[in-house]
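Reading through the structure tokens given below for one structure.
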Amino acid sequence: WAKYLKPTSFKPSFKPVYGLIAAAPEIERMRREHQKHLARFGTSPFVEAARKARKVIPETRINDFVNFWNDTRYCRERDHGNELLRLGPAAAIAGLLTRDANLLRLAARYAMSLGMCGEWDDGMICRMPGSPFDHRCFVQSLCTWEISLIMDLAGEWFTDLGREYLMRRIAEGGLGAIQHNAWKYEYIFHCNQLAWFTPGRMLGSCLLEHHWPRVKPHTEQAYKDLVESLNDTVLPDGGYVEGPTYFTCVAHHGGLPLYVYARRSHKPFSSVVPASMRRSAAFGEVVASTDNKQDVIPICDGRPLLDQNTLAVMAAILPRSAWVRLFRRAVDRT
């Protein structure tokens, strides 16, 4: 990566480049809280996630395609276990919190490795010559999210060449594919998928705005599409037909881009949240489990635990609801 990343002798400032997720003073506050946690427990979820990232040499996983996490339905046999996603952001977050330059550079290597993969799709069936088949933009959205996140949190490590290369991949391979899906498939506005694709769409667009101002209308369209979808998929009474686990696509996958958009637009988070999400207090109460070992009753899609991003977003939106109880219980449990 000699032309794409700065040498190992480079001394970073341990500050985010764009502040898409958090600005330097916010990171410093988080760093102090994290240090208290380390002093008490000796480790943290962030440190443990980064430990897994250290065990992989990302360059060895550069491939024709990118595995959709551990989903191998569209992969070739030899691609099973060749995961490249999820590890880079873990290294970036832990590196920033613990001021570990090696971890930040490792995160940048993950980003470059993703950028050098031939197609941001999960297999040959998605890119077979002459075929219009596509698996929607799941992988493209993930690649766009992860590379954009790393370019913010560990962005000091990229040279101008490395940054320009990844920005082009985000624009063409990421946002272009997501836009194609939004143009072509009406149904994704009426289920969980439009929200699922929006974290990558929003973060990538907000990053490119810093360099290419003509991207700004695309950012506004991403927000408009997300609000339209959330107002349609959340029921008039605040319920959700896909059950509590897929409600993650409302709160986590919808909440993250709303948060990023609010920061980008210099608006309070509450001001950009659609009305539909504010109707879900009763839904949270109905699905809440009375078993402290789990979050929700495993109906519909059948999983008893929700990710803490989902619970945090809903607790912030509805501070006098069951979502707060569920969030605090989940944090205490872990």
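The values are calculated or read from the model by the stated rules, or taken from the named source; none is laboratory data. Because the structure is predicted, anything quoted here is derived from the model rather than measured. All Cβ positions, even for glycine, are placed from backbone atoms using ideal geometry, and neighbour counts span all protein chains on display. Protein only, heavy atoms only, side chains kept; ligands, DNA and RNA dropped before computing areas. Shrake-Rupley method; radii C 1.70, N 1.55, O 1.52, S 1.80 Å.
Before moving on, here are some points about what is shown:
- Count of residues meeting criterion [closer than 24 Å to residue 256 by Cβ and of a type in the set (Lys, Arg)] in region 293-308: 1
- Meets criteria (closer than 16 Å to residue 153 by Cα, of a type in the set (A, V, I, L, M), surrounded by 14 or more Cβ atoms within 10 Å (Cβ to Cβ) and free of Cβ contacts under 8 Å to residues at least 12 places away in the same chain) for residue 90: no
- In region 319-334, the qualifying residues are those that are crowded, with 19+ Cβ neighbours inside 10 Å and closer than 20 Å to residue 258 by Cβ, and the one that is farthest from the chain's Cα centre (by Cα) is 321.
- Among all positions in region 120-133, there is no residue which is over 17 Å from the mean Cα position of the chain (by Cα), in a helix (DSSP H, G or I) and either of a type in the set (S, T, N, Q) or at pLDDT 95 or above (or both).
- Of the residues making up region 91-121, just one is of a type in the set (Ser, Thr, Tyr) and over 21 Å from residue 21 (Cα atoms), namely 113.
- If you go through region 48-65 and keep only what is open to solvent by less than 70 Å² (accessible area, probe 1.4 Å), hydrophobic (A, V, I, L, M, F, W, C) and under 17 Å from residue 108 (Cα atoms), you end up with 49, 50, 53, 56, 62.
- Residues being open to solvent by less than 50 Å² (accessible area, probe 1.4 Å), of a type outside the set (S, T, N, Q) and more than 16 Å from the chain's Cα centre (by Cα) - total across region 97-117: 11
- For region 1-40, filtered to residues that are small (Gly, Ala, Ser) and either touching a Phe, Trp or Tyr at 6+ places or on another chain (Cβ under 6 Å) or not in a loop (DSSP other than H, G, I, E, B) (or both), the residue that is least open to solvent (accessible area, probe 1.4 Å) is 24.
- Filtering region 62-108 to residues that are in contact with a strand residue (DSSP E or B) (Cβ under 9 Å, 6 or more places away or on another chain) and either closer than 28 Å to residue 10 by Cα or outside any loop (DSSP other than H, G, I, E, B) (or both) leaves 85, 105, 108.
- Of all residues in region 240-265, those satisfying the criterion of being surrounded by fewer than 20 Cβ atoms within 10 Å (Cβ to Cβ) and either under 16 Å from the mean Cα position of the chain (by Cα) or at pLDDT 95 or above (or both) are 246, 262, 263, 265.
- Residue 139 vs. criteria assigned to a loop (DSSP other than H, G, I, E, B), in contact (Cβ under 8 Å) with a residue 24 or more places away in the chain and either closer than 23 Å to residue 24 by Cα or aliphatic (A, V, I, L, M) (or both): no
- Pick from region 166-195, criterion in contact (Cβ under 8 Å) with a residue 40 or more places away in the chain and over 21 Å from residue 216 (Cα atoms), ranking: surrounded by the most Cβ atoms within 10 Å (Cβ to Cβ): 193
- Selection from region 262-299 of residues that are of a type in the set (Lys, Arg) and touching a Ser or Thr at 6+ places or on another chain (Cβ under 8 Å): 264
- Residues that are open to solvent by 10 Å² or more (accessible area, probe 1.4 Å) and touching a strand residue (DSSP E or B) at 6+ places or on another chain (Cβ under 9 Å) were ranked within region 132-161; the one that is farthest from residue 204 (Cα to Cα) is 135.
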